[in-house]
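Chemist: I have a structure here, written as structure tokens, and I will follow up with some questions on it.
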């Protein structure tokens, strides 16, 4: 019995020595601290010939930011950062002869009474700030631009772009919920793409758009005011995607189709099953002479 106990004790001691020996022979690996990840910085593309890329230190500082640039050869201006005020835009209009300006990374500090780019005769392409939330009618009106771009999805209220002789088409971002009265009036638009968040089409929105041939009214629209389509001499196709909206009239009892030229034989396509509702909303009889121009989508 004593011999068995002694043998067991000997085995236990031997096992302990073996474990101790293994601990000494196998060093523990130390945990190395995680190396910080270095962000990958994409190099900025070099400015193209005739282009200046500047950062504006403060509103009113554009002229100072362009110091040293060859303004005579300048055709495009990109503002990489900073805010511009009306004095800066006046400088662009009166002192520069550039054809394109990119403010997508900049901010506009304009008041409701400011004119913005109004009257600019050299810019062909205007890219608005991506963070712009509201515009007034004059800011992008009466220019010779052929392209006005609103990047991003911050713009909620669009004041308008009127009296633009060269601007053939314009697309509003789907963030826009309202547009100003006569927002597109008296311009040469051939194509206008409205926001899918737009709720109301205001008075005279498209009045005098003589070259506009077709238009789509989004599903979000619930109200269409008076004289919206007056003077649209070529507007042969209007597609209404919304249920019958409220057609409000002015003090003279004029609705959206006041003085519309039906001699062009237009087609007003409305959602299936809503033709009667549209005619009722306009206070028109199903037997009226204009009822035939309303057709339901298949």
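Read-outs throughout are calculated quantities, based only on the coordinates presented, and are distinct from any laboratory measurement. Bear in mind the structure is a predicted one, so any value in this text is a computation, not a measurement. Every residue, glycine as well, gets a Cβ built from its backbone with ideal geometry; the counts of neighbours run over all protein chains shown.
Chemist: Taking 37 °C and 0.692 mPa s as the conditions, I'd like the Stokes-Einstein D for segment 157-298 in µm²/s, using the Kirkwood hydrodynamic radius from alpha carbon pairs.
Modeler: Translational D for this selection: 218 µm²/s.
Chemist: Which of 139, 284 has the fewest other C-beta atoms within 10 Å, and how do the rest follow up to the most?
Modeler: In order of increasing Cβ crowding within 10 Å: 284, 139.
Chemist: May I ask you to derive the FRET efficiency for residue 91 and residue 199 from their Cβ-Cβ distance with R0 = 35 Å, giving the value to the nearest 0.05?
Modeler: 0.40
Chemist: Related question: Name the shape class, rounded, prolate or oblate, that the alpha-carbon gyration tensor gives for segment 92-211, where a ≥ b ≥ c are the square roots of its eigenvalues, rounded holds for a/c under 1.5, and otherwise prolate holds if a/b is larger than b/c and oblate otherwise.
Modeler: Oblate, since a/c reaches 1.5 and b/c is not below a/b.
Chemist: A follow-up question, please. Using per-residue counts of other Cβ atoms within 10 Å, averaged over each peptide, order 246-253, 61-68 from highest down.
Modeler: 61-68, 246-253
Chemist: Let me ask another. Neighbouring Cβ atoms within 10 Å as the yardstick, rank 135, 274 fewest first.
Modeler: Least to most surrounded, the residues fall as 274, 135.
Chemist: Right, another one. If the chain between residue 267 and residue 64 were fully stretched, how many nm would it gain, using 0.36 nm times the residue separation less the Cα-Cα distance?
Modeler: Net length gain for the segment: 67.6 nm.
Chemist: Provide 148, 101, 264 in ascending order of the number of other Cβ atoms located within 10 Å of each residue's Cβ, fewest first.
Modeler: Listed from fewest to most nearby Cβ atoms, that is 264, 148, 101.
Chemist: To the nearest µm²/s, what D does Stokes-Einstein give for segment 48-155 at 4 °C and 1.567 mPa s, using the Kirkwood radius over alpha carbon pairs as Rh?
Modeler: Answer from the Stokes-Einstein relation: 95 µm²/s.
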